[in-house]
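Each reported figure results from applying straightforward, stated rules to the coordinates on display, with no laboratory input. Please read these numbers as outputs of a predicted model, since none were measured by experiment. Using ideal geometry, Cβ is built from the backbone for each residue, glycine included, and neighbour counts are taken over all protein chains shown.
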Ligand SMILES: CC(C)(COP(=O)(O)OP(=O)(O)OC[C@H]1O[C@@H](n2cnc3c(N)ncnc32)[C@H](O)[C@@H]1OP(=O)(O)O)[C@@H](O)C(=O)NCCC(=O)NCCS
């Protein structure tokens, strides 16, 4: 196997940002809503946010050693507390969403808030998987599964009680479910409307709903003993 999964470092951020542009934006189901929507993949705020996740040591990169260590997958993740959700919620409510990206942001903040996963699991911190993407030429080879399993093992080793991800499409939901994550809350895109009553988030079939998925890290089965040690 020539692909390895390892912790993302600050030096990886430029390549990882370009990777997100090429393999996440324009691929993630919600961003496939028909129409000509401006997608800003990198700006100072986004960059600082990604850097803050990398500094926590909780983000991963998959690199292909046979192609000079080229990035072929990323998982940006970081610790989340109830106060982060509250702050996000206040921020998205500062003005009405108009552009598709603003609606997506609002929808995702809303579903996270309604999932009430901190209350449901009675915890005050969670490892939150923010962005998962695999090279579009290397999909269906188990790379996302390796990234998520490695992240779970990293989270467990660091002592986090819970890992959470908001899955915006059927494929990622299926992947998380196959790894023992349970659906805490889901919402249909058809039910989210703008102030004129129009459905604005319209991903292609088969993606009809977003699901907040979670797993108790300290109780999960050991997927591959020693995996964490292999990669870090
Ligand atoms: C979703 C994504 C990360 C999956 O990456 P991947 O490396 O192809 O996934 P894996 O090969 O590890 O697949 C794991 C499981 O996910 C599900 N899955 C992944 N892609 C699928 C597809 N195209 N069709 C149906 N099921 C799919 C399957 O259950 C699969 O298990 P199986 O192959 O044993 O059936 C990748 O398609 C991607 O980068 N998409 C664009 C960005 C995105 O949508 N990210 C997630 C946002 S929440």
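Details
- Label sites at residue 216 and residue 83, each approximated as a point 7 angstrom past Cα along Cα to Cβ, lie 2.7 nm apart.
- Structure remark: mean-square fluctuation, Gaussian network model of the chain, C-alpha springs under 10 Å; the largest value among 182, 15, 205 belongs to 205.
- Per-residue Cβ neighbour rank within 10 angstrom, fewest leading, 183, 109: 183, 109
- Taking the chain as a Gaussian network of alpha-carbon nodes connected by springs under 10 Å, the highest mean-square fluctuation of the residues 172, 136, 211 belongs to 136.
- DSSP bridge pairs, the chain: antiparallel proportion in percent, nearest 5: 90
- Helix axis angle, 143-158 relative to the chain longest principal axis, alpha carbon, degrees: 80
- For the listed peptides 6-14, 112-120, a ranking on the average number of other beta carbons within 10 Å per residue, highest first, reads 112-120, 6-14.
- Over the chain, relative contact order from alpha-carbon pairs under 8 Å, at least 6 apart, %: 23
- Per-q log10 I(q)/I(0), the stretch 27-67, q = 0.14, 0.21, 0.28, 0.33 Å⁻¹ (Debye; single scatterer per alpha-carbon; no solvent): -0.57, -0.90, -0.94, -1.03
- Orientation-averaged projected area, Cα convex hull of the stretch 1-150 (nm²): 9.9
- For the stretch 132-202, the equivalent ellipsoid built from the Cα gyration tensor has semi-axes of 28, 17, 10 Å, listed from largest to smallest.
- Alpha-carbon geometry of the stretch 99-142: the Rg and the Dmax are 14.9, 40 Å, given in that order.
- Compactness of the stretch 1-86 is given as radius of gyration and Dmax, 14.3, 44 Å, from Cα positions.
- For the pair residue 122 and residue 56, a Förster radius of 30 Å applied to the C-beta separation gives a FRET efficiency near 0.85, rounded to the nearest 0.05.
- Rg and Dmax over the alpha-carbon atoms of the stretch 78-232 stand at 16.4, 54 Å.
- Helical runs (DSSP H, four residues minimum) scored at -39500 (n - 2.57) apiece and divided by the length of the chain put the mean residue ellipticity at 222 nm at -11000 deg cm²/dmol.
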